[in-house]
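Only one structure is covered here, and it is reproduced in the block below.
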Amino acid sequence: MRIFLSLLFLSFHLEAACEFKAAAKKVISLSGTSTVVFKELGLLSKLHGISVFNPISDKEFSGKVYPGGIFLSHSALSELEGSVVFYDESRDLKKVLGSRKTIIATEIHTRGLTPKESMDGTIKAITPYVQNCEDKITTLNSKIKTLEEKLLKKIPNDLNVVFYLGEFHSGRAPEFVMVNDGVVKWLKDLKKIKTYPTDLAYVNWSSKLMSEMPVNTMHVGVKDPGRDNKREIKRSSQRMTFIYPGSLVPGVTQLEAFLYWAESIF
């Protein structure tokens with residue numbers, strides 16, 4: 001009797017595992033954010049393919065890796081036939097994937113959103129294709145909340161800081177700054193930081209506006225090494241670059257990246 005109950009419990013546990021629904025036989029994630037969510041849910045190995053633009057190393061995923069974006073070749077598009085495909089918002093890619101009648105394409109919206117908003121939207125987008133994932137989603141939400149709390153505690157109040165897309169080279173700053181997107185938007189909205197004055201998410205910075213910022217402003221380059229697992233802080237006075245996998249992927253990995261930076265500096 002005891003053995004029977006143990007087997008029954010094991011059977012129920014296996015049946016209740018987070019998994020793709022039967023209708024989603026072939027799932028491909030061309031969005032870094034959705035790929036990270038699938039990893040958090042334990043579904044990474046179940047994917048038929050992912051984009052090259054994500055923080056997933058070769059050790060974590062040995063399947064097909066697509067170039068992503070509008071650079072998908074005709075042969076790659078043919079491989080997507082009959083698939084459920086998740087992709088980052090793109091007018092061109094939406095047109096390309098929409099022209100293939102057998103592809104079920106879902107756009108992942110993250111532009112101008114905070115990490116939590118990006119995660120919530122992505123989870124909502126994938127929900128129709130997964131089942132029994134409620135517990136893992138709850139765990140993911142708890143992880144995001146913990147990362148947010150740790151980051152807020154670590155960063156000094158009223159910090160003047162500008163975040164750049166890319167790495168400083170010989171003191172020369174990257175061309176674009178990140179302001180109203182991802183972690184930076186979230187910190188800015190909470191008035192935790194003061195940063196470059198613009199209503200745009202990303203903008204080519206102006207020397208004039210930059211010179212009007214406080215002299216104690218920190219200048220931080222953000223570099224995403226992609227599938228390379230490299231983590232590093234390169235610092236010189238008020239200018240620095242932090243390198244972390246997924247630092248430019250909206251959602252949980254970006255929170256992890258900024259926490260890595262904050263814990264290294266403050």
For Lys191 and Ser142 in one chain, what is 0.36 nm times their gap in residues minus the Cα-Cα distance, to one decimal in nm?
-> 15.3 nm
Inter-part distance where segment 12-55 and segment 105-148 are each reduced to a Cα centre, Å = 13 Å
Quick calc, Arg100 & His169: beta-carbon distance into FRET formula, R0 51 Å, rounding 0.05, result 0.80
Kindly provide the helix-only [θ] at 222 nm of the chain, computed as the sum of -39,500 (n - 2.57) over DSSP H runs of four or more divided by all residues, to the nearest 500 deg cm²/dmol?
-> -11000 deg cm²/dmol
Flagged as over-length at 32 Å C-alpha distance, from Lys21/Lys191; Lys124/Lys154; Lys95/Lys124; Lys21/Lys154, the pairs are Lys21/Lys191; Lys21/Lys154
Point-to-point label distance, Ser78-Ser62, nm (Cα→Cβ direction, 7 Å offset) | 2.7 nm
³J(HN,Hα), Karplus 6.51/-1.76/1.60, whole Hz, each residue of segment 87-95, x for Gly, Pro = 8, 5, 3, 7, 4, 5, 5, 4, 5
Nitroxide proxy distance, nm - points 7 Å out along Cα→Cβ at Ala22 and Gln238 = 6.4 nm
Would you tell me the accessible area of Asp88, worked out with a 1.4 angstrom probe on the heavy atoms of the protein chains, in Å² to the nearest 10?
-> 60 Å²
If every Lys and Arg gets +1 and every Asp and Glu gets -1 at its Cβ, then about the Cα centre the chain yields a dipole, in debye to the nearest 20, of 160 debye
Along the Cα-to-Cβ line of Ala201, 7 Å from the Cα, sits a label point; which residues in segment 212-237 have backbone N less than 18 Å from it?
-> 222-224
Out of Val130, Val249, Val96, a Gaussian network model of the chain with alpha-carbon springs under 10 Å gives the largest mean-square fluctuation to Val96
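The values are calculated or read from the model by the stated rules, or taken from the named source; none is laboratory data. Just so we're clear, the structure is a prediction, and the values are computed from it rather than from any experiment. Cβ: placed from backbone, ideal geometry, glycine included. Neighbour counts: every protein chain shown. Ligands, DNA and RNA are stripped out before the accessible areas are found, and what is left, the full protein with its side chains, is counted by its heavy atoms. Shrake-Rupley method; radii C 1.70, N 1.55, O 1.52, S 1.80 Å.
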